[in-house]
1. Can you tell me how many residues in the stretch 140-177 are within 15 Å of the ligand (Cβ to nearest atom) and open to solvent by less than 30 Å² (accessible area, probe 1.4 Å)?
2. Restricting attention to the stretch 132-139, does a residue exist that is open to solvent by less than 10 Å² (accessible area, probe 1.4 Å) and touching a strand residue (DSSP E or B) at 6+ places or on another chain (Cβ under 8 Å)?
3. Only one of these conditions is not met by ALA273: (1) surrounded by fewer than 18 Cβ atoms within 10 Å (Cβ to Cβ); (2) modelled with pLDDT of 95 or more. Which number is it?
4. Scan the stretch 1-14 residue by residue and report those that are open to solvent by 20 Å² or more (accessible area, probe 1.4 Å), within 26 Å of SER202 (Cβ to Cβ) and part of a helix (DSSP H, G or I).
5. Given the criterion of a type in the set (Ser, Thr, Tyr) and within 16 Å of the ligand (Cβ to nearest atom), identify the matching residue among SER251, SER211, SER257.
6. If you take the residues in the stretch 81-127 that are of a type in the set (Ser, Thr, Tyr) and in a helix (DSSP H, G or I), which one is surrounded by the fewest Cβ atoms within 10 Å (Cβ to Cβ)?
Amino acid sequence: MLTDSTRQKSFPTMENMTYLNTAAEGIPPVEVGRALEQYFHDHQLGMDGRKLHDAQREAVKALTARMYGLTADEIGLCSCSSEAYNLAMMALQLQPSDEIVISDLDFPAGATPWLQPICPATVKVWQARDGGLRVEDLIPLLSTHTRLVQVSLVSFFNGFMISLPAVVEAVRQHSPALLALDVTQALGRVPLNLAGVDLVVSSTHKWILSSHGGGLVGVPAARTQDWTVPAGGWFNLQDPFGPDRFERAVSLGGAASFSVGMPNYPAIYAIRAGLEYIQSVGIEAIAQAAQPLVHACLEGLTKLPVELLTPDEKDALAGIIAFRHPASDEIYRYLHAENIHIMTHAGRLRVSIHGYNTMADVEKFLHKLEEALNHVSPG
Ligand SMILES: Cc1ncc(COP(=O)(O)O)c(C=O)c1O
């Protein structure tokens, strides 16, 4: 996807690293650094900078809309996925008879707001089988009481990518529920078709190669009523400084209600630059460049004495592969000492592969992993 010289130009720190940890932190291109400098420059104008900040915010909404398949008005910006999900819980105003379905491949941001004592609904867990979320296991969890199904398009845990059209169909056929989708581990890496999704959420510091501090929320116009957040604030309110401001608070509708206070403008500048970078390369081109590396990595791992946690199902593979070994901490340290960056977390090791990676990265990782395995269990 990238030539040696464009990679070196945009990602100079990657020259001596084997970086296979984008699912934790994407490496931002230098364009993102320039955007952060631009923020500082614009902020030095004081309040006159706000017009410039707002233009960046509008650009992020338009760029996100293109990726989500929505319009700019259907995009709201908050500060992280966790914030988006807590606000989403407020919007639903759940009752004790309501049910929520979450999955055991989900990141805590989307799974835990419903587990807090203030949430009156009953939570059901869609359990993975053989590493994957099977639609036939979702159906028995759905009923006329289901208000929400929350799932990640690509699991942070093992990279399993759900079959979205099949999930949408099951939810529609077997319940009146809304479907919320966390696309954090897919956005910027996998071509998206989010038809039928009622709420889209993504963090910004991973595959879109931007900074921390963003939550990209998509609310289709038809779902405005369902996702209007009754939160305090001002940026989210219809008339926060009107004469009756100490008598009532009325939220803006839908996506706009997820931005409660002053936007995180430094992050917004960085997100604009990251999304522009990703879109200039093209998601199809990224996926085409990275997918053969994922397949090669998975094939290499099947030949080593590790327990694969990612199912070997081509349609369910995105950018993440996870595996287990009793000596995972030692393996992690061995690889890190060789400047090979992967993740150790939640009881497993995880490799993630983006368009800026090369087959040489995968080969080096597999070779050094084999060395590490011999090192931790000689003979
Ligand atoms: C699927 C998924 N959602 C969300 C997050 C992060 O959530 P937040 O933006 O609240 O930190 C992560 C990882 O950090 C993730 O893997």
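The values are calculated or read from the model by the stated rules, or taken from the named source; none is laboratory data. If you're wondering where the values come from, they're calculated on a predicted model, not measured in any experiment. Cβ sites come from the backbone with ideal geometry, for glycine too, and all protein chains shown count toward neighbours. Surface accessibility is based on the protein's heavy atoms, side chains included, excluding ligands, DNA and RNA. Shrake-Rupley method; radii C 1.70, N 1.55, O 1.52, S 1.80 Å.
1. Total satisfying the criteria: 12.
2. Residues of the stretch 132-139 open to solvent by less than 10 Å² (accessible area, probe 1.4 Å): 132, 138.
Applying the additional criterion that residues be touching a strand residue (DSSP E or B) at 6+ places or on another chain (Cβ under 8 Å) yields 132, 138.
Checked the stretch 132-139: at least one residue is open to solvent by less than 10 Å² (accessible area, probe 1.4 Å) and touching a strand residue (DSSP E or B) at 6+ places or on another chain (Cβ under 8 Å).
3. (1)
4. THR6, ARG7, THR13
5. Values: SER251 fails: within 16 Å of the ligand (Cβ to nearest atom); SER257 fails: within 16 Å of the ligand (Cβ to nearest atom).
Just a single option satisfies the conditions, and that option is SER211.
6. From the stretch 81-127, those of a type in the set (Ser, Thr, Tyr) are 81-82, 85, 97, 103, 112, 122; that's our starting set.
Keeping just the survivors that are in a helix (DSSP H, G or I) gives 81-82, 85.
Working: SER81: 24, SER82: 18, TYR85: 25.
This residue is SER82.
Residue-by-condition table, conditions (1) open to solvent by less than 20 Å² (accessible area, probe 1.4 Å); (2) in a loop (DSSP other than H, G, I, E, B):
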site	(1), (2)
GLY188	yes, yes
ALA195	no, yes
LEU209	yes, yes
HIS212	no, yes
LEU216	yes, no
THR228	no, yes
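The rows are residues; the columns are (1) over 24 Å from GLN185 (Cβ atoms); (2) surrounded by fewer than 12 Cβ atoms within 10 Å (Cβ to Cβ); (3) touching a residue at least 60 places away in the same chain (Cβ under 8 Å).
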{"residue": "ASN16", "(1), (2), (3)": "yes, yes, yes"}
{"residue": "ASN21", "(1), (2), (3)": "no, no, yes"}
{"residue": "PRO28", "(1), (2), (3)": "no, no, yes"}
{"residue": "GLU31", "(1), (2), (3)": "no, no, yes"}
{"residue": "GLN44", "(1), (2), (3)": "yes, yes, no"}
